[in-house]
Each structure stands twice: as C-alpha cells, then as structure tokens.
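Structure first, then comments.
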Amino acid sequence: MSRPKIAFVLRSIGLEYDDRIRKECITLSKTADVKIFVIFTNNIKEEGVTSYGIPYKSFRINTRKIFPSGKFLFLKSIEFYLKTIKHLKQYDIVWAHEVYSFLFPLLMKRNKVIWDLHELPGRFNRPIWIKIFHYIENKCKRIIHANEFRIQYLKNARLIKQPKKHVFVRNYPDKNFIFSKKTPESYKKIKDWLSGETYVYLQGLTNPGRYPYNSIASVLKSTEYKIIVAGDYYNENIKQLLINKFGEEFFKRVFFAGMINQLEIPSILKNAKFTIVLYNISLPNNRYCEANRFYQAINLGVPVITGCNEPMVEIVNKHKLGIAMDSDGSKLDDLCKSIKELIQNYDYYKRNVESNGQKFIWSDDSINKSWYSY
C-alpha cells in the first residue's frame with residue numbers, strides 16, 4: 001500500500017521558528033509523504049528542505065509588494081491560492097493552516113482538506129461569513145483547533161454546526177525540543193552577558209496585547225534578576241518608556257536575543273528562574289490562548305506566571321506550576337505581587353513544575369487521530 005501524500009499550505013516567518021508546523025510534519029512524515037507550500041514574511045521565492053527533513057517550496061506574492069502589510073488580505077489570499085493549487089493535484093490531503101488559507105477548504109473537493117486553525121476564525125463572525133464558514137465546515141475532512149476552550153467558544157457563538165468534525169491538538173512540546181542540545185549563534189554572547197547571574201526568560205513580546213512593558217517592568221521593579229527577551233521585534237516606543245523609567249538599570253539587566261530557532265530555545269530557557277506569559281483577554285482569540293512558550297517552560301521545569309486566561313489557569317492551578325493571576329497582566333502592581341509570591345514560595349513551585357511538567361508532551365496519536373479516524 002502506497003503512502004498517502006500530504007501538502008501543507010501556510011504562511012510563516014520561517015519554518016525553523018514555527019514549532020507546531022515542525023511537530024505536525026515530523027509526526028505525519030512517519031506514515032505519509034509531506035511537502036510544505038509556503039509564503040514567507042520576507043516574500044522570498046525558493047525551494048529547500050527544512051532541518052527536520054521536510055521539503056518545501058515558497059512563493060513570491062506580487063500583491064504583497066503592491067498593497068501595504070495587513071491590507072487587502074483577500075486579494076493576497078487569492079493569489080496564494082492560484083499559485084499553489086496547480087501543485088496540489090497529486091496530493092491526497094491538503095493540510096491548510098490558519099484562517100488565511102480558507103480558500104483551500106472553500107474551493108477544493110469535499111473531504112480533501114484539513115483546516116488547522118491556529119487562531120480563532122475571527123473574520124467569520126459576520127452574517128455572510130458565517131454562511132461561508134458553514135459551507136467550509138461541510139466540505140472539510142476535519143477542522144483542528146488549539147484547545148477545547150476554543151471549540152466551546154465557537155459552539156456558544158453558534159459557528160459550529162457539525163461538532164464531530166472539530167477536534168483539538170494542544171501545542172505541547174515534543175521530545176526533540178525537550179532534549180535538544182542545540183544552541184543559537186548568540187549563545188556565548190548571552191552566557192558572557194549573564195556572567196552566572198539569575199535571569200528571567202521572556203518571549204513573544206511582539207505586540208501591546210502581550211503586555212511587553214509590564215512583563216519587563218515588573219521584573220526590573222520586583223527583583224534584581226536579569227532578563228533575556230527572545231523574539232524578532234520589540235516596540236521601540238515601549239522600549240523608550242522603559243528606558244525613561246529605569247534608566248541605566250534597563251541597559252544593565254535586559255538583553256534582546258532576537259529570533260531563536262525552536263530547537264535552540266531550551267539552551268536558554270531551561271536555566272531561567274521563571275517566565276511570564278500574558279495576553280489581553282478583551283479579544284476571545286487572546287483569552288483562549290495557551291502559548292507555545294507556556295508549555296515549553298513547564299516541560300523544562302521553569303515555573304510560570306500567567307494571566308487569567310482560562311486554558312493556562314486550568315493547568316497552572318491544577319498542578320501548582322506557578323502563579324495564575326486574577327487579572328490578565330494589565331495591572332503592573334498585580335504582576336509585581338505575583339512575582340514576589342512566586343519567589344517567596346519558589347522551592348514549592350519549582351518542585352511541582354519539575355515533577356508535573358512533562359505530563360504535557362506532544363503525542364503522535366493526537367495528530368494522527370485528527371485525520372485518520374474520521
């Protein structure tokens with residue numbers, strides 16, 4: 001019996017940075033032939049093979065050069081679909097990622113597409129789009145979500161009509177991540193800067209909804225620890241506010257490490273004192289988020305401080321892995337109090353996270369059941 005052929009279609013900042021894509025590809029490649037068709041943030045056209053052995057082909061989207069970033073997304077989606085569709089005829093399954101890829105389940109044959117929604121499908125909450133979602137739902141083989149909280153939200157919003165088609169795959173780290181020995185190019189520079197001092201690891205402070213100011217300010221205000229910030233972007237206005245507030249302390253204690261490949265993260269994260277994961281809960285997509293970096297930390301035995309987002313609160317409180325606040329992180333004083341509480345009871349939380357963290361490990365079964373069993 002020949003192996004099925006699966007095509008991933010997606011957009012990405014870089015395939016070495018997208019851990020969900022990496023894990024799904026590795027799992028599926030054990031029983032199927034997988035290839036990635038992608039548009040990159042830098043809009044480069046190329047072909048190659050990822051570090052985890054999956055071939056890929058990227059496309060240059062002309063409408064991205066014509067129209068501003070974040071504008072005319074429908075036209076950009078059409079161009080991506082038209083450039084990609086001719087490559088997909090030989091594939092048994094098209095695994096379309098994120099809302100951006102909705103034209104693939106909308107226009108392709110019934111039961112040909114699995115729609116993997118990393119985020120809530122916010123654009124489909126208007127009357128005409130609700131009908132389009134129901135049509136897509138009817139045509140899809142499966143629709144995958146990040147957790148059961150998101151599915152329940154969509155049920156309550158009456159967007160889901162065929163609940164049997166909806167499953168969730170939580171974004172747990174895999175053993176390749178947990179036991180990775182890889183280090184980033186900046187590793188020596190980071191270690192030299194730390195000079196053996198205690199530090200806090202922060203990641204993904206890419207927009208105001210993740211409370212980048214409060215995340216850094218709370219550590220600077222409540223501790224003497226250093227801070228490593230991983231990620232490719234940090235708002236310069238917020239950085240200036242921190243400089244104005246903390247002056248030389250900011251430069252002494254905060255290191256911006258830039259982008260770090262997924263399998264290089266453990267070398268930095270595993271020795272952190274703790275980490276902070278926050279999302280503004282005013283938007284449902286943020287409220288029901290459970291960040292990749294959240295699971296990465298607890299699997300590496302690093303206590304966490306989170307906001308009141310239900311998916312993370314459930315796990316933190318059940319296993320006593322750190323502090324789940326009553327607020328979402330918008331109040332700096334609440335965050336400072338939580339840091340002090342964590343430090344005062346640090347040995348307790350550290351023991352709990354070390355003994356319970358690896359309950360949350362990626363399983364091949366979770367992804368295989370999402371498409372084999374329907």
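Here the accessible area is traced with a 1.4 Å probe on the protein chains. For the chain, carbon and sulfur cover 50 percent of it. Which entries of Lys76/Lys181; Lys109/Lys175; Lys86/Lys139; Lys188/Lys273; Lys86/Lys175; Lys181/Lys350 show an alpha-carbon separation above 27 angstrom in the structure shown? Checking Cα-Cα distances, Lys76/Lys181; Lys109/Lys175; Lys86/Lys175 exceed 27 Å. Taking amide H as placed 1.01 Å from N in the peptide plane, the amide H of Ile323 sits under 5 Å from that of Val304, Ile305, Thr306, each at least 5 places away or on another chain. Just the number, please: percent antiparallel of the DSSP beta bridges in the chain, rounded to the nearest 5. About 10 percent, rounded to the nearest 5. Secondary-structure-derived ellipticity at 222 nm for the chain, considering helices only, amounts to -11500 deg cm²/dmol, per-run term -39500 (n - 2.57) for DSSP H runs with n ≥ 4. Accessible area ranking (1.4 Å probe, heavy atoms, ligands and nucleic acids excluded), largest first, for Trp95, Trp362, Trp129: Trp129, Trp362, Trp95.
Normalised by the number of residues in the chain, the average gap of Cα pairs under 8 Å and 6 or more apart makes the relative contact order 14 percent.
In summary, the aspartates and glutamates within cross-link reach of Lys161, defined as a Cα separation below 15 angstrom excluding same-chain residues under 8 places away, comprise Glu137. Heavy atoms of the protein chains alone define the surface here; on that basis the chain has 46 Å² accessible area per residue at 1.4 Å probe size.
The values are calculated or read from the model by the stated rules, or taken from the named source; none is laboratory data. Here the structure is a predicted model, which is why all the values come from computation and not from measurement. We work out accessible area using only protein heavy atoms, side chains counted, and drop any ligands, DNA or RNA first. Shrake-Rupley method; radii C 1.70, N 1.55, O 1.52, S 1.80 Å.
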